[in-house]
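Shown next, in structure tokens, is the structure this report addresses.
Here, each number is a calculation from the coordinates, and none is a lab measurement. Since we're looking at a predicted model, the values are computed, not measured. A quick note on method: Cβ atoms are made from the backbone with ideal geometry, for glycine too, and the neighbour counts reach across all protein chains shown.
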């Protein structure tokens, strides 16, 4: 997934085990699923990005989001603890909802659906879009 805007470009990686990309954008967002496998894969992926030198915190800002979560589960609590201890921005948690499937079936994004149908989802995206449109997401 790629976001483009006036202030910056951002990448969102959806496959943490797919290998390290060559980043040329100002911002990168890594979604992490609430599963032990995804948590371990994300840990290795972010470690490799930051410590192996594929990105520099000065050249590319990286953040994480919890993806497809059910907040009342134990695995979500484990995921949240993991994301908060990474030392990079943990922006938001996106709930596990059928709204994304409905949007895909219609060929639209949730931002193009009736706000009354997707209000909780739009609220969860606000911290992410706010970060992407702020100076905090831009390289130093």
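Okay, here's what the table says:
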{"quantity": "Modelled FRET efficiency - R0 35 Å, residue 106 with residue 84, Cβ distances, 0.05 increments", "calculated": "0.50"}
{"quantity": "Gained length - residue 37 relative to residue 70, 0.36 nm times residue gap less alpha-carbon distance", "calculated": "10.2 nm"}
{"quantity": "Length added when fully stretched, residue 77-residue 59, from 0.36 nm per residue minus Cα-Cα", "calculated": "3.3 nm"}
